[in-house]
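Computed from the coordinates by the stated procedures, all read-outs in this text should not be read as laboratory data. Note that the structure is a prediction, hence the values are computed from the model and not measured. Neighbour counts are summed over all protein chains in view; Cβ atoms, including those assigned to glycine, are modelled from backbone coordinates with ideal geometry.
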Amino acid sequence: MFEAIAFYTFSAITIVMFWITVTSKNALYAMSALAAGMIMISGFFFLLDADFLGVVQIIVYTGAVMALYAFGMMFFDTTRDVKERVRAPKLVFLLSGMTALVLVIALVAPILGDHIEALYPMKEGIENPQAVGVVLFTKYLVPFEVAAVMLLVAMIAGIVLAGKKMDESLTLKVEDEFTQKGAQ
Amino acid sequence: MITLSHYLVLSAVLFAIGLVGVYRRKNLLMLLFSTEILLNAANVGFAAISKFYGDLTGQMFAFFIVAVAASEVAVGLGLMIVWYKRRGTLDIDSMQSMHG
């Protein structure tokens, strides 16, 4: 009963927040709505007994990613409204609606999942973070290390790209920029 | 009673909302927001499958998706800052230097 109430509340809030994100003209409103939607998504993870995933969702998305967006937006002019010229607005909703319809039909259809066996079944009496840790550091150790290297590469790329003088790279110069620099 | 189908339909709806954003947004920052929505919709689906089949693999994949999203944001924001410094706009229509 409470699960149903929580599910419908969370889904209503999440859908509204994400809809604001994709339709808002103001970048700050869009970012705030996205952060709120992320928090509500973590509610689903707690409902689904994935405690550790919910905590990671809050820390990484609303902590790290949103802070990164907030700092990145200092470089942009976010007080002005975003001007967007949508060529075919009806086509957008038609395509998205069709995709949603196909996805819903495919997901609601009876799943031939009787033969699916749990590869790493959840055991009774073990808390979720502990079980996650055991599986992550035994069966998924190599992907975990690869993900660590990927995050390191992303960090270095972020530092280098946002650093000084990167806007004067010679490899991407266009002709008028050359003449503009020459005229100065 | 909330079943697996409820969660999967919710995941599909969230994915469609993100798809609307990807289709109609012309600003790079907003486009990046929409991709975050897409990744989160997939995460909800993975966690639901993980719970209803009693398997931890779904949660593992959700963790790796979170890691991918974090690194995507770092690199994407860096590229956007470079572009904004050079051109002064984040409009996608201004990126037609190859006239494709």
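The alpha carbon gyration tensor of the stretch A:1-83 gives principal lengths a ≥ b ≥ c with a/c of 1.5 or higher and a/b no greater than b/c, which makes the shape oblate.
Just check the protein assembly as shown against the gyration tensor rule for me: Cα atoms, a ≥ b ≥ c as the square roots of the eigenvalues, rounded for a/c under 1.5, and otherwise prolate or oblate depending on whether a/b exceeds b/c. Prolate.
Label the stretch A:1-142 by shape, choosing from rounded, prolate and oblate, from the square roots a ≥ b ≥ c of the eigenvalues of the Cα gyration tensor; if a/c is under 1.5 it is rounded, and otherwise prolate applies when a/b is larger than b/c, oblate when it is not. Oblate shape, in that a/c is at least 1.5 and b/c is the bigger or equal ratio. Taken along the Cα-to-beta-carbon direction at a fixed 7 Å, the label points for A:GLU124 and B:VAL75 span 4.6 nm. Taking 0.36 nm per residue of separation and subtracting the current Cα-Cα distance, fully stretching the chain between A:ILE159 and A:ALA70 would add 30.4 nm.
Given a cut-off of 28 Å, name the pairs among A:LYS90/B:LYS51; B:LYS26/B:LYS85; A:LYS25/B:LYS51; A:LYS25/A:LYS164; B:LYS26/B:LYS51 whose C-alpha atoms lie farther apart than that in the structure shown. Listed pairs above 28 Å: A:LYS90/B:LYS51; A:LYS25/B:LYS51; A:LYS25/A:LYS164; B:LYS26/B:LYS51.
Annotation for the stretch B:35-54 versus the stretch A:1-79: alpha-carbon center distance of 14 Å. Put simply, chain B fits an ellipsoid with semi-axes of 34, 16, 8 Å; these come from the alpha carbon gyration tensor as the roots of five times its eigenvalues, largest first.
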